[in-house]
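For reference, the structure is listed below as structure tokens.
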Amino acid sequence: MKETHLIKQKFKSAIRRGTGEAYLLLQRYPGIDFSGEIIKACVKNFSYDGQCEGSRGEYLFELIGLSGKKDKIKKAVLKALLKPQKDTWTLTQLFSLAKMFARQDDAEARKTIYDAFVHNPIWRSDWPAPQTL
């Protein structure tokens, strides 16, 4: 039990730093549920400087695929996309993740993107959303 806690702590640190260690931990310990930390990293951009680093969408999407909890994480991402965000970099990341789900023929993700930008525009979506559409 203590070992699982330490592994989760390592994962938390790695995903917040955006390193490959998170990917390796997911591969090495498929029986551990890391979905909580993946969700936190998806709905808040933890990059040190979002302008320099950009979105971690692709990185996170790979982790989502390995997690075995794709539906749970997708639900949290799409829910967060419909809420106003104070941080434009987080909003950019959320749109990026939603776009990746939509590219896999996910109708719910596609609808959420349009709801967040076209039908019910959320504040600051005018900048990252057009790249998604």
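If the chain between Arg16 and Glu58 were fully stretched, how many nm would it gain, using 0.36 nm times the residue separation less the Cα-Cα distance?
13.7 nm
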Counting only backbone N atoms under 20 Å from a point 7 Å out along Cα-to-Cβ of Tyr48, the residues of region 1-29 in range are 10-23
In whole Hz, with x marking every Gly and Pro, tabulate ³J(HN,Hα) for region 49-54 from phi via Karplus 6.51 cos²θ - 1.76 cosθ + 1.60, θ = phi - 60°. 9, x, 5, 7, 7, x
Sort the following peptides by mean Cβ neighbour count (other Cβ atoms within 10 Å, averaged over residues), highest first: 91-97, 72-78. 91-97, 72-78
Take region 2-132, drop everything but the C-alpha atoms, weight them equally and run the Debye formula without solvent; then report log10 I(q)/I(0) at 0.13, 0.17, 0.18 Å⁻¹ to two decimals. -0.51, -0.83, -0.92
Please go through the residue pairs Lys10/Lys86; Lys70/Lys111; Lys40/Lys83; Lys8/Lys86; Lys44/Lys70 and name each one whose alpha carbons sit more than 20 Å apart in this structure. Lys10/Lys86; Lys8/Lys86
Given unit charges at Cβ for Lys, Arg (+) and Asp, Glu (-), the dipole magnitude of the chain about its Cα centre in debye, nearest 20, is 400 debye
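Bear in mind these aren't lab numbers, they're just calculated from the coordinates by the rules spelled out. On a predicted model such as this, the values are computed, not experimentally measured, just so you know. We place every Cβ from the backbone using ideal geometry, glycine too, and count neighbours over all the protein chains shown.
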